[in-house]
Amino acid sequence: MKNYKNRLALFFITLLAFSCVTDEDKLYSLDYIQAPSNVDAVFNITQDNSGLVTITPNAEGATSYTIDFGDGVSEDLAVAESASHIYAEGVYQVEVTAHGITGLTTEATKQLNVAFKAPENLSVVVENDQLISKKVNITATADYATVFEIYFGETEDEEPTLALPGEMASHTYAEAGDYQVFMKAKSAAIATLDTTFTVTAIEIVSPVLAAPTPPARNAADVISIFSDAYTNITVNEWNPGWGQTTTLTTVEVAGNPTLLYGALNYTGIVTDYNNPTDVTAMTHVHFDYWTPDATELSLKLVNTSLDPVQEDLEMVPSITQGSWVSVDMALSEFALDLSGVTQLLFGSSGATVYIDNLYFYSATASAPTEAAPVPTADAANVISIFSDAYTNITVNEWNPGWGQTTTLTTPQINGDNTLLYEALNYTGIVTDYGNPTDVSEMTHIHFDYWTNDATALSLKLVNTTYDPVQEHIEALSSISYGSWISVDIPLENYSIDLSGVTQLLFESSNSKVYIDNIYFYKQGTANAPTTAAPAPTANSGDVISIFSDAYTNITVNEWNPGWGQTTTLTTLQINGDNTLHYEALNYTGIVTDYGNPTDLSAKTYVHFDYWTNDATALSLKLVNTTYDPVQEHIEGLSSISYGNWISVDIPLVNYTIDLSGVTQLLFESSSANVYIDNIYFY
């Protein structure tokens, strides 16, 4: 099992000053570079009773690594280097820190078992992947085993796949059929435990799951041809008789209507010759496909309102068989007049192809339809920069002219004043140079953001009372699209004197970003929340809810089942809102339905809101009990905030389990007092 957390190293950057109205009015910009991602390490052990283990780290975006061997010794490595370390017998937590070019780091922790006895009691679980055709998943455990070498038996001179005990190893075969797999369980002992067994790679010929649910969009930002997620325009002909071999039926996949094309060489979709579709305001055309056998796939757009007719065809660059694939083609690639599209034609190799969610959309014009969540921090503990919920301090300059591309307007969204930054590369907020803002008694800075295109977002705080100026920037480790996201950054992360802050700078990727509720706050000391958790903003059609008054919840068969925990649970109302109150929370379980596991494979995030005044740790584990051994993964919060409702959104891609059959959710903490609300996947 691997646990991840992102850190921002404290570092100083050589700064360039821009002159403006006064000598103190200085801006320092920093190009955003993300922290390394997908941090992992491969272990190999020498079978000579020496305890010699070779550790090879890897990550995306890393320029160097630090290996903490788990026994008080560490070593720095360059990219592509391995570390060799001699261990005494025991179990170790090996921490790999990947360093990025700017000092941003990401850590991963993996368990290493070193034993001088040969492995015993080998147990192997082999399963065909339910979603990917001809993919076989193997998980092995054995007493005293450090690592498993697995040869999947498809090619000669195969390099082994290395897997830790309980860690899944996977292989996708080129052809369906039976294969001989050889596995070697290794420890520090000379002897190994070997086994050979047969696996059967099964070809999946039709999708089990529905196509991914498209994101919620404003009606003006989408022109839908075929999708349950949007309102479709008129289509006058499906697969008209133009001499093709293609057959068309509409089938239901997991309850979702889907187009099934058989023997697809080409097919037409005719919208309305008398009322051509103007897609010039759109930026992309999207569709999802699933195929067991296609080797090529193309989409042609046709404008028949011109003479001669204009048409252009774009190929899908590579084809994946046996799983849903989302395709987004830029309309700028289609060389025709897009103001009068009347036909769409799919082409393929005489194959079976499922198509869903065919629509045009604008990637740049969307806007939030709901206001940002109402803040819950006590006004007595807040220094507010911009929020309708509080009395704001003086701000002398908004988006001052420092050479940025950014423009700023202040629209109202459902009556709530909101900052709209467009083409945001960076922007400044200047409070008062003559009266710097003392936030040294505050513990966090908060803001809410909404974007549909940003790939980076960070917040810099600047103290211009020093020469040289003091500044520090904190970047978000991930960006979420199409919904309001609440951000709370501990002020202890900022390595500046916080008694004289005069500037706040947002930096992004020349993007469109809505910002609201910018304020500093001090963690409260109350024993219980006095306000309800923020009302969720996710579209109900995109949600699987476990516990929330805002949505229809799925069945939960057990709350806090008796698994030996100290935790007690009560359900109380806070301002009329049902809320879970966990006391003495070390761990607790939520069991949905063992007989009907919850399929989360189409969702991208898990959300919950928490309030605590004493927790020092909080994590959420997801469990799939349909496997033997059970699959589970836990994600811990990198920091805890006190005395306010905090919204948490964890990407489901972080959970290394099969998400198609989740049956348990477990919160874990430090025997703490924790209120939880709005647990849902979206």
Given Cβ point charges of +1 (Lys, Arg) and -1 (Asp, Glu) and nothing else, what value in debye, to the nearest 20, does the dipole of region 33-114 about its Cα centre take?
120
For region 299-434, build the charge dipole from Cβ charges (+1 Lys, Arg; -1 Asp, Glu) around the Cα centre, then report which of Gly401, Leu313, Ala380 sits farthest towards its positive end.
Leu313
Across the alpha-carbon set of region 611-659, Rg over Rh with Rh taken as the Kirkwood radius works out to 1.08
Measure of compaction for region 120-201 (Cα Rg per 2.2 N^0.38 Å)
1.06
Which net charge results for the neighbourhood of Phe447, defined as the other residues with beta-carbon distances under 10 angstrom from its beta-carbon, given Lys and Arg at +1 and Asp and Glu at -1?
-3
About the Cα centre, and with charges only on the beta carbon of Lys, Arg (+1) and Asp, Glu (-1), how big is the dipole of region 403-486? Nearest 20 debye, please.
200
Quick one: what do you get for region 375-448 if you divide its Cα Rg by 2.2 N^0.38 Å?
1.21
Taking only the alpha-carbon positions of region 541-584 and ignoring solvent, what does the Debye formula give for the base-10 log of I(q)/I(0) at q = 0.27, 0.32 Å⁻¹?
-1.06, -1.16
Whole-angstrom gap from region 312-354 to region 356-399, using each part's C-alpha centre:
37
Global size of the chain as Cα Rg and Dmax, reported in angstrom:
27.8, 81
Past the 27 Å Cα-Cα mark, which pairs from Lys110/Lys186; Lys512/Lys603; Lys460/Lys621; Lys135/Lys184?
Lys460/Lys621
In region 68-191, what % of DSSP beta bridges are antiparallel (nearest 5)?
100
Above 25 angstrom, tally the Cα pairs of region 540-681 and express them as a % of all pairs, no decimals.
21
Summing +1 per Lys or Arg and -1 per Asp or Glu among the other residues with Cβ less than 12 Å from Asp577's Cβ gives -3
Kindly give the semi-axes, whole Å and largest first, of the ellipsoid equivalent to region 208-310, taking each as the square root of 5 times a Cα gyration tensor eigenvalue.
23, 21, 13
Just want the answer: with Cβ charges of +1 for Lys and Arg and -1 for Asp and Glu, which residue in Ser133, Leu122, Ala145 is farthest toward the dipole's positive end in region 111-150?
Ser133
Dipole axis of the chain (+1 Lys, Arg; -1 Asp, Glu on Cβ), positive-most option in Leu112, Ile554, Thr410:
Ile554
Find out how many positive minus negative residues lie around Ala672, taking Lys and Arg as positive, Asp and Glu as negative, among other residues whose Cβ is under 13 Å from that of Ala672.
-3
DSSP-loop chymotrypsin sites (Phe, Trp or Tyr not before Pro) across region 188-250, with at most 15 other Cβ within 10 angstrom:
Trp242
Answer in debye to the nearest 20: the dipole magnitude of the chain about its Cα centre, from +1 Lys/Arg and -1 Asp/Glu charges placed on Cβ, is 500
Could you name the aspartates and glutamates in cross-link range of Lys117, using Cα to Cα under 14 Å and dropping any fewer than eight places away on the same chain?
Asp48, Glu89, Asp143
Projected area, mean over directions - region 33-114, Cα convex hull, nm²
4.9
What would the Debye formula give as log10 I(q)/I(0) at q = 0.18, 0.23, 0.28 Å⁻¹ for the alpha-carbon point model of region 510-581, no solvent?
-1.03, -1.20, -1.30
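Coordinate-derived values only; no laboratory data. What you see is a predicted model, and the numbers here were worked out from it, not measured in a lab. Note: ideal-geometry Cβ built from the backbone for every residue, glycine included; neighbour counts use all protein chains shown.
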